[in-house]
Amino acid sequence: MQGKPSFLGSSPANLIFPHGSPPPPGETIEVAPGILWMQLALPFRLNHVNIYFIDDGQGWALVDTGLGDAATLRAWQPLVDGMLRDRPLTRIIATHFHPDHVGAAGFLLRQFDVPLYMAATEYLQSLNIHLDPGALEAEHYRRFYLEHGLDAETTRRVVTSGHAYLKLTSGLPPTYHRIVAGDVIRIGGREFDVLTGGGHSPEQVMLRCRGEKLFLGADQVMAKISPNVSVVAVDPEGDPLGYYLRSLNALKTEVPADVLVLPGHNLPFFGLQVRADELIAHHRHRCALIREACRKMPRSGAELIPFVFSLKLDPHQTGFAFSEVLAHVNYMLRQGELRPVATADGIGRVEAA
Ligand SMILES: [Zn+2]
């Protein structure tokens, strides 16, 4: 699943948490007047996702939906029959295409005839998987992983991830409402500026509230975890880490330092700038580990995994680790810190430049 973040990020320091613990299952916490925070369960090591209800006059604008699996849809039913009966959803804003954020949208939109707001590449990415969940199984893509030294079992898991995606989503509506960086969305009495950033997903949407110190940051900046930043086989020379670092630096200038960050996972917090700097330092540290490993001998993406991830990884985690290591390798190639090396066994390797 593309959305799974890394748990090996730096730990939060100097962050202020206005709420010491999340709301109990099925309940909400009002994090600002008319903005409700709820958590939905995820059946992963990262066991929850945050969703937000924003007062939109006659009802609620929903930011993110949780998964579209049976357990999450069961969790939604009492809300549909309860708090949303008199004050229904007015629209759904999905911050990005990962199943924990847009997975229940199909289910909800079959009950509420409202628009789905998404960035174009996020909607199209999800649509693409829905239309062709087996696309990555093509020999061309399999070869990409194998040529970077990944083992056959992990490769098999990675290229079949589209089928897992469909199991975790409840469909997409045939039309959507496109949002673009620079848009202003009016929700109830508030205006939100749309910001987007790459790295974790192609065009992740974030919302900065004008007039109030609020920032819905999705998965871009979270208190405890660093979002997974991965190279994907359809863009083998892509630079998601470069996009992510660019986005973090942009947030430091475009969003006031004293906002309350309402993230996609973990607790809401104050300390956006501190956390952005920690995340930047975290990735610089990983680059340093790779540089050191490649100073002694050329290494492939797969061979670099243990230098970056010291824990023993199962095949599922190995797939994420590999794609994340490759994001650092591609970034360092672009920065001129690494260079590709031809090796006799057909595996692509890099060495320190
Ligand atoms: Zn997420």
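The values are calculated or read from the model by the stated rules, or taken from the named source; none is laboratory data. The structure presented is a predicted model; accordingly, all values stated were derived computationally and were not measured. Neighbour counts run over all protein chains shown; Cβ positions are idealised from the backbone, glycine included. For accessibility, only protein heavy atoms count, side chains too; no ligands or nucleic acids. Shrake-Rupley method; radii C 1.70, N 1.55, O 1.52, S 1.80 Å.
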Requested in this report: Search the range 213-237 for residues that are under 14 Å from residue 199 (Cβ atoms) and pair each with any residue that is of a type in the set (Lys, Arg) and within 12 Å of the ligand (Cβ to nearest atom) when their beta-carbon atoms are under 9 Å apart and the residues are at least 6 apart or on different chains.
Outcome: 228/4
Query raised in the report: Looking at (1) polar (S, T, N, Q); (2) out of contact with any strand residue (DSSP E or B) (no Cβ under 7 Å at 6 or more places or on another chain); (3) surrounded by 19 or more Cβ atoms within 10 Å (Cβ to Cβ); (4) more than 20 Å from residue 227 (Cα to Cα), which is the only condition residue 111 fails?
Result: (3)
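Having 3 or more residues that are open to solvent by less than 20 Å² (accessible area, probe 1.4 Å) and touching a residue at least 24 places away in the same chain (Cβ under 8 Å) is the bar; report the strands (runs of 3 or more DSSP E) wholly within the range 242-353 that clear it. If you could, list the steps in order and put the result at the bottom.
On the way: elements: 260-263, 338-341, 349-352.
The strands (runs of 3 or more DSSP E) meeting that bar are 260-263.
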Query raised in the report: How many residues does the range 1-23 contain that are at pLDDT 95 or above and within 16 Å of the ligand (Cβ to nearest atom)?
Result: 1
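Quick check, is residue 59 modelled with pLDDT of 95 or more and either farther than 17 Å from residue 188 by Cβ or exposed (fewer than 15 other Cβ atoms within 10 Å of the Cβ) (or both)?
It is false that residue 59 is modelled with pLDDT of 95 or more and either farther than 17 Å from residue 188 by Cβ or exposed (fewer than 15 other Cβ atoms within 10 Å of the Cβ) (or both).
How many residues, within the range 81-117, are over 14 Å from the mean Cα position of the chain (by Cα) and either within 16 Å of the ligand (Cβ to nearest atom) or assigned to a strand (DSSP E or B) (or both)?
Taking the range 81-117 first, the residues over 14 Å from the mean Cα position of the chain (by Cα) are 81-93, 104-117.
Retained after the next criterion (residues that are either within 16 Å of the ligand (Cβ to nearest atom) or assigned to a strand (DSSP E or B) (or both)): 89-93, 104-105, 116-117.
Qualifying residue count, the range 81-117: 9.
In the range 24-56, what residues are acidic (Asp, Glu) and either within 16 Å of the ligand (Cβ to nearest atom) or open to solvent by 50 Å² or more (accessible area, probe 1.4 Å) (or both)? If you could, list the steps in order and put the result at the bottom.
First pass over the range 24-56, keeping only residues acidic (Asp, Glu): 27, 30, 55-56.
Matches in the range 24-56: 27, 30, 55.
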